[in-house]
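Q: Sharing a structure, written as structure tokens. Questions coming.
The values are calculated or read from the model by the stated rules, or taken from the named source; none is laboratory data. Note that the structure is predicted; figures quoted are calculated from it, not measured. We place every Cβ from the backbone using ideal geometry, glycine too, and count neighbours over all the protein chains shown.
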Ligand code: DHB
């Protein structure tokens, strides 16, 4: 009897220890002593920064290889100096993420620059979007350029679709937690946490947009408290989004509204067989049918948004997909061509542009789309065989890949394929939070989608920008001329914009 009691006691003691070991809590107080000095060079000028790297930004992380943040602070701010008119009190915080392909991402460093103006995905190593070979050494780093212009830089890693803790909405929860850490520690470090400007490209641009849209919305609260996020707001001040692969639950119809009728495509593949030499393919009869069905769904969605142009006129599409919303998209392409022309670009080969006396007056939209070429097969995002990165994003810890649209479930070619939880689908789409009650959407937005970027439809960025404008936000939206799917290619312009909203 005595022995048995002892055994039970020992067992309780052992399990108590195991429990204690598992539950290490991380300290969320910023430690100003914990840094290394780095000397950086840009355009022949040298400057010093304090590098606070790999800070775990939640009390109870589930992945300490991703839920970490790097913070870089110009040394000048510790000497009472100013850079570009900013001081330790007023310096904005530039918050770039490295998320691509909805993969797990590490925080940016002063050494790498994965988004550096290169076509995305194909060069990314499998299982990560951490950059790897892509931009290293080839382009200026947004991190270094930001600091040269007086910005404090904070970059957070985030979980992604290839791990079972990284499915939606993990990455946005992580970025929000990192913002809370910065706000919680605002008094302990140089930089103004009221002036956080997020930056990202593609899936990272989508996450940047989502972060800007859903500040302090209660949908995310249970996830944030489970991680032990710092008790602070996660509202941000500005959003920079390059080619956001967003509004995923309506992106299939937007893609077919744009590309229906173009039945050849240049495929760029994800994963280990990723390549920069796309293969030329033709849609099957079945895919052509799916394209037409999806195209037909788009006008009802677009009309439901009740978007307005700058004069207050409602933007619509008729059942065949024509209307003033299409004209609005054309106007953005025309403005893009005009800017290129003004900068001396030779546009004589683009015979689908009508140019009179140095003025771009019209565009043959169908011919432009032929020039652009289709890249994805219908449905572009919620694939009927659940084979896309987005299908994996919307998986669960138990089910790797799921549908996330009714169309996908209804037409699925995979027996027993399931649809993601409606709340999680909602939580990944910024459109659901702009103008929502008890939600703090960023005031300032800069959105760029290259005029030759076919990873998602042009309508996606134009809808986002217009919806923001209609909700009283300050929006700077352009479709830079001939740019493919890429980001960070215009850093001077980016920081001119950032200065204009901060100063
Ligand atoms: C990315 C590109 C895509 O085409 C996509 O569907 C998702 C993500 C990217 O480059 O991040």
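Q: Considering each of 364, 385 in turn, give the residue that is more than 24 Å from the chain's Cα centre (by Cα), modelled with pLDDT of 95 or more, within 16 Å of the ligand (Cβ to nearest atom) and within 26 Å of residue 263 (Cβ to Cβ).
A: Answer to the selection: 385.
Q: Quick check, is residue 479 touching a residue at least 60 places away in the same chain (Cβ under 8 Å), buried (at least 22 other Cβ atoms within 10 Å of the Cβ), within 16 Å of the ligand (Cβ to nearest atom) and not assigned by TED's automatic domain parsing to the domain that holds residue 214?
A: Against the criterion (touching a residue at least 60 places away in the same chain (Cβ under 8 Å), buried (at least 22 other Cβ atoms within 10 Å of the Cβ), within 16 Å of the ligand (Cβ to nearest atom) and not assigned by TED's automatic domain parsing to the domain that holds residue 214), residue 479 does not qualify.
Rundown of residues vs (1) under 19 Å from residue 225 (Cα atoms); (2) buried (at least 24 other Cβ atoms within 10 Å of the Cβ), yes/no style:
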{"position": "145", "(1), (2)": "no, no"}
{"position": "152", "(1), (2)": "no, yes"}
{"position": "157", "(1), (2)": "yes, yes"}
{"position": "161", "(1), (2)": "no, yes"}
{"position": "167", "(1), (2)": "yes, yes"}
{"position": "178", "(1), (2)": "yes, yes"}
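Q: Looking at 191, 205, 238, 200, which one is within 13 Å of the ligand (Cβ to nearest atom), in contact (Cβ under 8 Å) with a residue 12 or more places away in the chain and touching a strand residue (DSSP E or B) at 6+ places or on another chain (Cβ under 6 Å)?
A: 205
Q: Kindly indicate whether residue 472 is free of Cβ contacts under 8 Å to residues at least 12 places away in the same chain, more than 16 Å from the ligand (Cβ to nearest atom) and outside the structural domain of residue 144 (by TED's automatic domain parsing). Don't jump to the end; show me each part of the working.
A: On the way: free of Cβ contacts under 8 Å to residues at least 12 places away in the same chain: yes; more than 16 Å from the ligand (Cβ to nearest atom): yes; outside the structural domain of residue 144 (by TED's automatic domain parsing): yes.
Taking the combined requirement at face value, the residue satisfies it.
Q: Also, I was wondering about something else. Do we find that residue 498 is assigned to a helix (DSSP H, G or I), farther than 27 Å from residue 390 by Cα and modelled with pLDDT of 95 or more in this structure? Break it down stepwise before answering.
A: Details: assigned to a helix (DSSP H, G or I): yes; farther than 27 Å from residue 390 by Cα: yes; modelled with pLDDT of 95 or more: yes.
So residue 498 fits the description; yes.
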